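The values are calculated or read from the model by the stated rules, or taken from the named source; none is laboratory data. Worth saying up front: this structure is predicted, and the values here are computed from it rather than measured. Note that each Cβ is placed from the backbone with ideal geometry, even for glycine, and that neighbours are counted across all protein chains shown. The protein model used for the area step is the full one, side chains on, heavy atoms only, and it has no ligands, DNA or RNA in it. Shrake-Rupley method; radii C 1.70, N 1.55, O 1.52, S 1.80 Å.
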Amino acid sequence: MSTTNLSSKSASAGLFAAIVASLCCITPVFSLLAGIGGIAATFSWMEPFRPYLIGLTIGILGFAWYQKLRPKSAEEIACECETDEQSSFWQSKKFLGIITVFAGLMLSFPSYAHIFYSNGGNQTPSAFIEQDTTKTNKIVLDVKGMTCAGCEASIEHEVGMLQGVKSVDAIYAEGSATIEYLPSKLEEKTIIEAINKTGYTVIEKPKDQ
């Protein structure tokens, strides 16, 4: 196999690894855009493997660039001349550069995933549009399955659409979601159901006897 073909296949493998590494963060956005909230947490189980997949992506792309940039030996040059091999776009440095940039965007997706959501965690949800001085309740729920900022935004968006929610703040590092709401308009169980519908799971604490 020529070094050109090897670097091209390495680039494809690197892109695949980058996409797989980002599935746990990309899926919540896809679920929002497709209107299928239940698949948001489908790949959350992959989060522990993400650092290894990132390392694999960097290693594969690094190898591809090494193959592409290293000086060719006289034997390799002679071989290419004999076969009159012409490099296509898919085997070019330009294509490898595009693959590298796209892989970088995939790997850094968690840092900008929030831009795909209309509501931020510290903003008043659009559903809570009227002024109401009624006493509010604040609850802190333990949520299983969040792995990145995209997961936070998915939960904040879904809960923020409920009528009566005043604020919602999900924190994946703590595995929690804090919601302030009007008990006159909304029940806690409805909030829990909304979160569970996204694919993440609220861990309900046993009630005091």
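Laid out as a table, the results:
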{"item": "Matching residues, the range 187-209, being touching a Gly at 6+ places or on another chain (Cβ under 9 Å), aliphatic (A, V, I, L, M) and surrounded by fewer than 21 Cβ atoms within 10 Å (Cβ to Cβ)", "result": "ILE203"}
{"item": "Residue among PHE116, PHE95 that alone is surrounded by fewer than 19 Cβ atoms within 10 Å (Cβ to Cβ), modelled with pLDDT of 80 or more and either at positive phi or of a type in the set (Phe, Trp, Tyr) (or both)", "result": "PHE95"}
{"item": "Test: residue in the range 129-152 that is in contact with a Pro (Cβ under 8 Å, 6 or more places away or on another chain), surrounded by 20 or more Cβ atoms within 10 Å (Cβ to Cβ) and modelled with pLDDT of 90 or more", "result": "no"}
{"item": "Subset of the range 151-197 (residues that are among the small types (Gly, Ala, Ser), in contact with a helix residue (DSSP H, G or I) (Cβ under 7 Å, 6 or more places away or on another chain) and not in a strand (DSSP E or B))", "result": "ALA153, SER154, ALA194"}
{"item": "Residue selected from the range 31-74 under the condition at pLDDT 75 or above and not in a helix (DSSP H, G or I), by the criterion least open to solvent (accessible area, probe 1.4 Å)", "result": "ARG70"}
